[in-house]
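Asker: This structure is in structure tokens; I'll ask about it shortly.
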Amino acid sequence: MTNEPFDIETLKLISNKLDYIYSIAKSNYKDNPELMDTIENLAKAANMFANIKIQELKGHVVTSHPQGFILLKLANSYSRMKDYEKKKETDFPAWEL
């Protein structure tokens, strides 16, 4: 018997909290679209991990293509963060002696 580091009830709790984070980001999108979109996508990616792990622990994975879903959500967040990083670099005044 393997020592499983996750249990179904805790994963369900994690999933519920990620759903809450997603819903708050979604409902407050207009406040800061780039940030809220990033939070939404990261919450969805993390939730997919949790749901797949729940399915694995139950012995039957029914979600098709979870890896593609996660990569898509991460790609969006990654792109947003790269854009943010570039913007911060251009916002900083150039140094001159």
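Coordinate-derived values only; no laboratory data. Only a predicted model underlies this, so the values are computations on that prediction, with no experimental measurement involved. No Cβ is skipped: glycine too gets one built from the backbone with ideal geometry, and neighbour counts run over all protein chains shown.
Asker: I'm checking my understanding of the structure. Among residues of segment 15-29 that are of a type in the set (A, V, I, L, M) and crowded, with 18+ Cβ neighbours inside 10 Å, which one is nearest to Tyr84 (Cα to Cα)?
Answerer: The residue in question is Ala25.
Asker: When segment 30-49 is examined, which residues are found to be under 17 Å from Lys82 (Cβ atoms) and of a type outside the set (S, T, N, Q)?
Answerer: Hits for segment 30-49 are Pro33, Glu34, Leu35, Asp37, Ile39, Leu42, Ala45.
Asker: Next question, about the same structure. Got a sec? Which of Asn41, Asn32, Asn47 is over 16 Å from Leu74 (Cβ atoms) and either under 17 Å from the mean Cα position of the chain (by Cα) or surrounded by fewer than 17 Cβ atoms within 10 Å (Cβ to Cβ) (or both)?
Answerer: Asn32
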